[in-house]
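Trainee: Can you keep this structure in mind? I'll have questions shortly.
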Amino acid sequence: MPLLIGLIYNAISLLTLPFSGDTLNAILAQLNAATGEPVAALSQEQLMTVLWVSFFLTCGIILLLYSTRRALLEGRRWGWVSSIVIAVLSLLLFPIGTVLGLIMLVGAFDRDVQAYTRR
């Protein structure tokens, strides 16, 4: 279930990505005001580069989550290992990712799940 939640969350993130351009420049302006140091705004080319890189990274994450979920449903061992790696990395994404990561780790080390992925 946490893999499905992560998959849906990243899919929504991917859909909102085209609208993030103005938000990035607004965050940079707030950083400028908070620190008092000049922070350059992103040019149109830089902004497009950041958005395209974010798009491809998010697509990669979605594919990883989907293939891991599919492998776990089929009982493949590499899906179990991949879910543990995803869970550990999710612990860094406070607060929602931490909760999902803990749930994934508890579920991954359940005896029934381990037996299911060893077959």
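Computed from the coordinates by the stated procedures, all read-outs in this text should not be read as laboratory data. On a predicted model such as this, the values are computed, not experimentally measured, just so you know. Here the Cβ is made from the backbone with ideal geometry for all residues, glycine too, and neighbour counts use every protein chain on show.
Trainee: Relative to the first principal axis of the alpha-carbon coordinates of the chain, what is the inclination of helix 2-16, with its axis defined by its Cα atoms, in degrees from 0 to 90 and to the nearest 10?
Mentor: 20 degrees
Trainee: Can you give the local net charge around GLY6? Use residues other than it whose beta-carbon is closer than 14 angstrom to its beta-carbon, Lys and Arg +1, Asp and Glu -1.
Mentor: Combined, the nearby Lys, Arg, Asp and Glu give +2.
Trainee: Still on this structure, I have one more. Compute the acute angle (0 to 90°) between the alpha-carbon long axis of helix 96-108 and the principal axis of greatest extent of the alpha-carbon atoms of the chain; round to the nearest 10°.
Mentor: With rounding to tens, the tilt is 20 degrees.
Trainee: Here's a follow-up. Local charge sum around LEU51 (other residues, Cβ-Cβ under 12 Å, Lys/Arg +1, Asp/Glu -1)? Provide the component values of the computation, followed by the final result.
Mentor: Values: positive: none; negative: ASP22, GLU45.
Around LEU51, the charge tally is -2.
Trainee: For PHE55, project a label point 7 Å along Cα to C-beta. Then give me every residue of the stretch 1-45 with its amide nitrogen under 17 Å of that point.
Mentor: 11-24, 44-45
Trainee: For the chain, with only Lys/Arg (+1) and Asp/Glu (-1) charged at the beta-carbon, what is the dipole magnitude about the Cα centre, in debye rounded to 20? All intermediate terms of the calculation are to be shown ahead of the outcome.
Mentor: On the way: 7 positive and 6 negative charges, 154 e Å.
Dipole of the chain, to the nearest 20 debye: 740 debye.
Trainee: Placing +1 on the Cβ of each Lys and Arg and -1 on the Cβ of each Asp and Glu in the chain, which of SER90, LEU51, ALA108 has its Cα farthest towards the positive end of the resulting dipole?
Mentor: Positive-most Cα among the choices belongs to ALA108.
Trainee: Work out Dmax and Rg for the stretch 2-118 from the C-alpha atoms and quote the Rg first, both in angstrom.
Mentor: 18.2, 57
Trainee: Related question: Once the piece of chain linking LEU63 and TRP78 is laid out straight, how much longer is it, given 0.36 nm per residue of separation minus the C-alpha distance between them? Walk me through the numbers on the way to the answer.
Mentor: Working: separation 15, 0.36 × 15 = 5.40 nm, distance 1.48 nm.
3.9 nm is the gain from fully extending LEU63 to TRP78.
Trainee: Here is a further query. Please identify, among LEU31, LEU47, LEU89, the residue showing maximal mean-square fluctuation in a Gaussian network model of the chain using a 10 angstrom Cα cutoff.
Mentor: With Cα springs under 10 Å in the chain, the top fluctuation among LEU31, LEU47, LEU89 is at LEU31.
Trainee: What is the angle, in °, between the Cα long axis of helix 77-90 and the longest principal axis of the Cα atoms in the chain? Nearest 10 is fine, range 0 to 90.
Mentor: Roughly 40 degrees, rounded to the nearest 10.
Trainee: Please report how far the C-alpha centroid of the stretch 93-119 lies from that of the stretch 1-77, rounded to the nearest whole angstrom.
Mentor: 24 Å
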